[in-house]
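Working notes, beginning with the structure itself.
The values are calculated or read from the model by the stated rules, or taken from the named source; none is laboratory data. Everything numeric here is computed off the predicted structure, so don't read it as measured data. Methodologically, a virtual Cβ is constructed for each residue, glycine included, from the backbone with ideal geometry; neighbour enumeration extends over all protein chains shown. To get the accessible areas, we keep the full protein, side chains included, count just its heavy atoms, and leave off ligands, DNA and RNA. Shrake-Rupley method; radii C 1.70, N 1.55, O 1.52, S 1.80 Å.
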Amino acid sequence: MADSGARAWGKPWGEPWRWLMAPSPADLGFAVRTSAAAILSLLIAMWMELDSPQWAPLSVWVVATASRGESLSKARWRLVGTAVGCCAGVALIAAFPQETGLFFVGLALWMGLCCGCATFFDGYRSYGLLVTSFTSAIVATGAISQPDHVFDVAMARGTYIVLGIACEAGMAALFLPGVRAAARARLPGRLRGLADRVASGVAASSAGRPDVEAESGLLADLVAVNARVEFDVLEMGAGQGRSADHARAALAYLLAVLARARSGVRGAALDRDLGAARRHIQAIAAPRVRDPFRFGSHSPRQAIEALHNGLRAALGIIGAWLVWEVTAWPAGPAFVSFVALVYGLLATREVPALASAGFYRGAMWCAAVAGLYVALVIPAVTSPECLVLLLVVPMIAGGLAARTPRLVNHAFAFNLFFPVLLGPSNLGRYDEVSFLNGALAFLAAVLFARLTFGLVLPFRADNHLRRTAAWVERRLRALARGNDRSSVPQWLAANADSMVRAVRTCRDVPRDEMLRYMGRHLDAMALGMWVIELRDAARSDGLPAGVRLRLRVFLRAWIRQGAQARDVARQVLRHVQRHPDVRPDVLMALRGLTEQ
């Protein structure tokens, strides 16, 4: 009885701290590896007698991920963004050396442009633009008091970032042996598993309407694997031919299987697409030399989201400058730099307002732990080596939290800014007054960003779903235009990504409403596939002229009426199915449209 009571009482208390008390070997390895890289970068920066060595471990935590390929991609785009951002920061100072108002307006517009454009890119390409935005802000605001030294500031910031990336890459190479061989087996294995799941799901579905939730789960897995293709191929190393293109093509064929099955297609058509997917998977396992295969794909983003991100960032920088201007706060430049950095880190999160809440809690923990170190630990330290040994415990704890889904945003703030708030230096000790000024500027910046994310053009799930549905309707009609070049794989991949993002970001929407939305989106994916096939058939010379003419009539009706033009499709089907020279794929597309 006592044991059961202890277990009952122990579960609520122990479960939330399992990530710290009983981490998995993979989580512990990530935390130790990244902490070692951060400490090494700090030691090297202090050995080089750089003026702000705390920025080196920040760069380590920014680029550190559990996947080696993901770290490589992130580091590459961070280097590109840093180089462009340093140049932009120098240009802003040079353009407005004595005009504070024009300088901050120019900085706000530049950051708004970067954050808005980042919305249109996938993966860490968008991150590169965000790095450009906040690096230019950090360089420019760091040189406000001494504009003549802006080039020195830019070079110093670039040095810290390169040092941090190099240390993270070195530690990853030591701690992750055999990554290349594992990646070469993992990607085709993951794709084969998805192909088997799709085949099983299609075989198990009834002849009527498929299960929406089951389909959406498969789509989410397909989109997740597609997002990781770039990282897996980077881990695989050189000599892999066109593995990334083959992987995306295989995923596109699996999407086509799901779309055809939703329209009631069975048999040879599904087997053909499944066979094509498996051939592309085999091409990854046995890459060809000078493989000419190419597969282009693009993940769409709505222009209104880009506009919101850009305006929010621009208004945030203007607001931060006005706070500094009105209060004449001595820590104003640091406050503006922190605001720019937080905006850049959170701007392209799917729901920045939700991410900023966890980020703020992590910032509070960061300030509290850093305050204890500044007040009690650092005064007793006599050498950099002693300092870094004392930093191991909080850094490893932060690394473990970064591997816990519910604490990701908390850990993000803690890991990045803990060394920044400590401010280690070879030239003197960081006194309590300086720490309090820096911590206040940091916490005020995080709180300011959180408020603006929640108040300035806030995210609303219902508006997002309406915009997505309107975008799908516009694109669905545009597919029938003569100048449209969208292929079936591109259409399916874009819509799958759009639907999965909408479901992931609109978790507060009632379940019934979300299921209706997913059902409409899945129907639209299938309709678009049939429209594209009929459009391509109307352009080909392999059909009789009369059939092509009737297909063009349907396509014009589709442009005007959208899905309501299916009555025209029925009339076309009744005519062409009596024609002996009509290809089976045209009849299948017409039946798919009329029976959808």
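To keep it simple, each residue is scored yes or no on (1) surrounded by fewer than 18 Cβ atoms within 10 Å (Cβ to Cβ); (2) of a type in the set (Phe, Trp, Tyr); (3) without any contact (Cβ under 8 Å) to a residue 60 or more places away in the chain.
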position: Gly142; (1), (2), (3): no, no, no
position: Gln146; (1), (2), (3): yes, no, yes
position: Val150; (1), (2), (3): no, no, no
position: Met155; (1), (2), (3): yes, no, no
position: Tyr160; (1), (2), (3): no, yes, no
position: Leu163; (1), (2), (3): no, no, no
position: Gly170; (1), (2), (3): yes, no, no
position: Phe175; (1), (2), (3): yes, yes, no
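List pairs: first in the range 480-498 and among the charged types (D, E, K, R), second part of a loop (DSSP other than H, G, I, E, B), Cβ under 8 Å, 6+ apart or cross-chain?
Asp497/Ser299; Asp497/Pro300
Scan the range 537-548 and give yes if some residue there is open to solvent by less than 10 Å² (accessible area, probe 1.4 Å) and closer than 15 Å to Gly482 by Cα, otherwise no.
Checked the range 537-548: at least one residue is open to solvent by less than 10 Å² (accessible area, probe 1.4 Å) and closer than 15 Å to Gly482 by Cα.
Looking at the structure I just gave you, is Asp497 crowded, with 17+ Cβ neighbours inside 10 Å and either in contact with a strand residue (DSSP E or B) (Cβ under 6 Å, 6 or more places away or on another chain) or at pLDDT below 85 (or both)?
Answer is yes for this residue.
So, of the residues in the range 561-588 that are without any contact (Cβ under 8 Å) to a residue 60 or more places away in the chain, within 19 Å of Ala478 (Cα to Cα) and under 39 Å from the mean Cα position of the chain (by Cα), which turns out to be most open to solvent (accessible area, probe 1.4 Å)?
Per the criteria, the residue is Gln564.
Of Phe442, Phe359, Phe418, which residue is at pLDDT 90 or above, surrounded by 21 or more Cβ atoms within 10 Å (Cβ to Cβ) and touching a Gly at 6+ places or on another chain (Cβ under 8 Å)?
When all the criteria are applied, what remains is Phe418.
What are the pairs, 6+ residues apart or on separate chains, where a residue within the range 60-78 that is in contact (Cβ under 8 Å) with a residue 24 or more places away in the chain has its Cβ under 7 Å from a residue that is not in a helix (DSSP H, G or I)?
The qualifying pairs are Ala66/Arg403; Arg68/Leu176; Ser71/Ala64; Ser71/Thr65; Lys74/Thr65.
Of these, Pro333, Pro287, which one is open to solvent by 20 Å² or more (accessible area, probe 1.4 Å), in contact with a Ser or Thr (Cβ under 8 Å, 6 or more places away or on another chain), at pLDDT below 90 and more than 30 Å from Ser487 (Cβ to Cβ)?
Of the residues listed, the single one that is open to solvent by 20 Å² or more (accessible area, probe 1.4 Å), in contact with a Ser or Thr (Cβ under 8 Å, 6 or more places away or on another chain), at pLDDT below 90 and more than 30 Å from Ser487 (Cβ to Cβ) is Pro333.
Being open to solvent by 40 Å² or more (accessible area, probe 1.4 Å), within 30 Å of Val531 (Cα to Cα) and not acidic (Asp, Glu) is true for just one of Arg467, Arg450. Which residue is that?
None of the other options fit; the residue is Arg467.
Determine, yes or no, whether Ala45 is surrounded by 24 or more Cβ atoms within 10 Å (Cβ to Cβ) and within 24 Å of the chain's Cα centre (by Cα).
When the stated conditions are applied, Ala45 does not pass them.
Answer yes if at least one residue in the range 83-103 is in contact with a Gly (Cβ under 6 Å, 6 or more places away or on another chain), within 30 Å of Ala182 (Cβ to Cβ), modelled with pLDDT of 90 or more and in a helix (DSSP H, G or I), and no otherwise.
No, the range 83-103 contains no residue that is in contact with a Gly (Cβ under 6 Å, 6 or more places away or on another chain), within 30 Å of Ala182 (Cβ to Cβ), modelled with pLDDT of 90 or more and in a helix (DSSP H, G or I).
Would you check if there is a residue in the range 266-283 being part of a helix (DSSP H, G or I) and either touching a Ser or Thr at 6+ places or on another chain (Cβ under 9 Å) or farther than 25 Å from Arg197 by Cα (or both)?
yes
With the requirement that a residue be under 13 Å from Leu258 (Cα atoms) and either within 24 Å of the chain's Cα centre (by Cα) or at pLDDT below 85 (or both), what does the range 178-199 give you?
If the condition is that a residue be under 13 Å from Leu258 (Cα atoms) and either within 24 Å of the chain's Cα centre (by Cα) or at pLDDT below 85 (or both), then Leu194 is the only one that fits.
For the subset of the range 311-330 comprising residues that are under 28 Å from the mean Cα position of the chain (by Cα) and either closer than 23 Å to Ser59 by Cα or among the polar types (S, T, N, Q) (or both), which member is modelled with the lowest pLDDT?
Filtering the range 311-330 for residues that are under 28 Å from the mean Cα position of the chain (by Cα) and either closer than 23 Å to Ser59 by Cα or among the polar types (S, T, N, Q) (or both), the one modelled with the lowest pLDDT comes out as Ala313.
Name every residue in the range 376-386 that is touching a residue at least 60 places away in the same chain (Cβ under 8 Å) and open to solvent by less than 60 Å² (accessible area, probe 1.4 Å), in order of residue number.
The one that is touching a residue at least 60 places away in the same chain (Cβ under 8 Å) and open to solvent by less than 60 Å² (accessible area, probe 1.4 Å): Pro384.
Does Leu315 satisfy being within 17 Å of Leu113 (Cβ to Cβ) and open to solvent by 20 Å² or more (accessible area, probe 1.4 Å)?
yes
I need the helices (runs of 4 or more DSSP H) fully contained in the range 1-56, keeping only those with at least 2 residues that are modelled with pLDDT of 85 or more.
18-21, 25-47
Looking only at residues in the range 387-409 that are surrounded by fewer than 13 Cβ atoms within 10 Å (Cβ to Cβ) and more than 29 Å from the chain's Cα centre (by Cα), which one is modelled with the lowest pLDDT?
Only one residue fits best here, namely Leu389.
Which members of the range 127-140 meet the condition of being open to solvent by 10 Å² or more (accessible area, probe 1.4 Å) and either modelled with pLDDT under 85 or in contact with a His (Cβ under 9 Å, 6 or more places away or on another chain) (or both)?
Tyr127
Can we say Arg556 is under 26 Å from Arg349 (Cβ atoms) and either assigned to a helix (DSSP H, G or I) or of a type in the set (A, V, I, L, M) (or both)?
In short, no.
Just give me the residues in the range 470-479 being basic (Lys, Arg) and either open to solvent by less than 40 Å² (accessible area, probe 1.4 Å) or in contact (Cβ under 8 Å) with a residue 24 or more places away in the chain (or both), in sequence order.
The answer is Arg475, Arg477.
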